[in-house]
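Before any comments, here is the structure.
The values are calculated or read from the model by the stated rules, or taken from the named source; none is laboratory data. Quantities reported herein were computed from a predicted structural model and do not represent experimental measurements. Please note: Cβ atoms are built from the backbone with ideal geometry, for glycine as well, and neighbour counts cover all protein chains shown.
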Amino acid sequence: MVIDSIHTSDAVRTLDASLQADLEQLRGEGLFRPLRVLESAQMAEVVIGGRRLVNLSSNNYLGLNTHPRLIEAAVEAATEWGAGSGAVRTIAGTQSLHQHLEARLATFKRTEAALTFQSGYTVNVGVIGSMLEQGDCVVSDKLNHASIIDGIRLTKADRILYEHTDPDDAERALKEARDRGYRRVLLITDGVFSMDGDIAPLPELVERAEKYDAAVMVDDAHGTGVLGRNGRGSTDHFDLHGRVALNIGTLSKAVGVVGGYVAASQTVRDHLIHKARPFLFSSSHPPAVVMACVAAIDVLEQEPQLIERLWDNARYLKKGLADAGFDIGRSQTPITPVMCGEAGQAMALSDQLMQRGVFAQGIGFPTVARGQARVRTIVTATHTTAHLDAALAAFSEAGKAIGLL
Ligand SMILES: *Cc1c(COP(=O)(O)O)cnc(C)c1O
């Protein structure tokens with residue numbers, strides 16, 4: 001890829017040299033990772049480096065990305081409506097398709113309205129960044145997703161963190177916020193935590209927030225399609241409809257496409273349309289994306305057996321890993337971490353698994369705390385028992401090879 005004939009200036013080379021120093025540091029910590037390139041569709045088996053592997057690395061919980069109904073909807077939409085939307089939502093980029101998806105999402109999530117964004121990342125950055133200003137306060141779980149943290153960084157609002165999934169500590173933070181007399185107080189939590197697979201104690205958090213007059217925002221990126229009736233998410237799982245002000249979700253994980261949304265009141269929707277910067281200044285989804293997402297909601301409503309299969313597979317893999325002697329953390333969902341300690345161990349386990357036909361990514365700092373590196377697995381509804389047995393055998397051998405078992 002290097003083009004010899006291009007002369008690079010001193011300034012270009014100086015920047016590269018400076019960046020190389022950062023990369024050297026990552027290398028030293030065992031955190032420099034080449035991108036894994038999939039030479040196949042994202043499925044229960046994938047091809048990497050010409051080899052077919054059992055894939056435990058995707059967020060494609062239900063295999064919807066290759067579901068025939070989604071593909072058909074995408075093809076039809078592209079044929080009829082074109083490849084791109086051509087504008088930001090507020091200028092000319094809102095098509096009836098976008099409105100249709102939002103109406104479907106609102107009904108699915110049992111809220112008055114919904115608004116879609118380009119991704120789950122941008123919805124968090126857009127919602128938090130636009131709704132809170134100086135004189136407001138965020139009360140946030142210490143292990144909330146990076147996109148929530150980045151959203152918080154964009155506001156001049158104060159922030160009070162509470163200990164991970166601890167309602168009593170959240171209450172301390174909420175009380176502190178109330179006593180300081182802020183205009184708006186928003187408690188934010190992941191519904192399901194993406195690295196540990198634990199579920200936020202939402203009923204307790206909502207109750208405490210109500211006691212101190214704070215609103216609750218749940219990021220259900222890993223809850224939608226997994227928890228609740230037909231995968232409606234953690235608000236539905238805990239029957240908290242009407243008590244969670246902002247239901248954030250992604251269309252990139254179980255829904256199988258790409259995008260993010262907030263399901264909330266009509267007032268929230270109107271507010272975001274006028275204030276959320278990713279909504280105002282970044283173009284809307286192509287028609288194929290929108291209609292594939294609509295088809296995904298149809299599938300969630302009509303094929304709940306996919307979610308049952310996902311949970312059966314999750315229980316099977318968890319039991320197998322625990323029986324083999326691995327520390328699989330505190331997960332309550334299909335996200336199953338295999339704890340490794342230092343990043344080097346996690347990367348070594350991932351490499352050993354790859355040699356044995358299993359693709360499961362090692363994850364280290366900054367995605368998780370130092371010393372808590374892991375190989376994170378996510379099973380899907382489309383894995384067969386044979387896939388899972390092969391994966392378990394590979395885990396046992398790989399774990400022994402690196403001295404983790
Ligand atoms: C993955 C994830 C996001 C980002 O969603 P994208 O659609 O991939 O941008 C946001 N929040 C949480 C909790 C996530 O796990």
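Among the conditions (1) of a type in the set (Lys, Arg); (2) farther than 25 Å from Met195 by Cα; (3) within 20 Å of the chain's Cα centre (by Cα), the only one that Arg69 does not satisfy is (3). For the residues Ser119, Ser96, the requirement of being crowded, with 17+ Cβ neighbours inside 10 Å and of a type in the set (S, T, N, Q) singles out Ser119.
Tell me which helices (runs of 4 or more DSSP H) are completely within segment 138-216 and hold 3 or more residues being buried (at least 16 other Cβ atoms within 10 Å of the Cβ), within 16 Å of the ligand (Cβ to nearest atom) and touching a residue at least 24 places away in the same chain (Cβ under 8 Å), or say none if there are none. Answer list for segment 138-216: 146-153. Scan segment 230-253 residue by residue and report those that are over 18 Å from Asp298 (Cβ atoms) and more than 12 Å from the ligand (Cβ to nearest atom). Within segment 230-253, Thr235, His237, Phe238, Asp239, Leu240, His241, Gly242, Arg243, Val244, Ala245, Leu246, Asn247 qualify. Checking the structure you have, find out if any residue of segment 254-263 is away from the ligand (no atom under 16 Å from the Cβ) and either over 16 Å from Ile148 (Cβ atoms) or touching a Phe, Trp or Tyr at 6+ places or on another chain (Cβ under 7 Å) (or both). No, segment 254-263 has no match at all.
When you look at Leu227, is it under 23 Å from Glu102 (Cβ atoms), in contact (Cβ under 8 Å) with a residue 40 or more places away in the chain and either more than 11 Å from the ligand (Cβ to nearest atom) or under 21 Å from the mean Cα position of the chain (by Cα) (or both), yes or no? Yes, satisfied.
Of all residues in segment 103-114, exactly one satisfies the criterion of being buried (at least 19 other Cβ atoms within 10 Å of the Cβ) and farther than 11 Å from Ala264 by Cβ, namely Phe108.
Highlighted here are the strands (runs of 3 or more DSSP E) found entirely within segment 235-354 that include at least 1 residues which are among the β-branched types (Val, Ile, Thr), out of contact with any Asp or Glu (no Cβ under 9 Å at 6 or more places or on another chain) and crowded, with 23+ Cβ neighbours inside 10 Å: 260-264, 335-341. Within this structure, Val47 fails the test of being buried (at least 17 other Cβ atoms within 10 Å of the Cβ) and either among the basic types (Lys, Arg) or at pLDDT 95 or above (or both).
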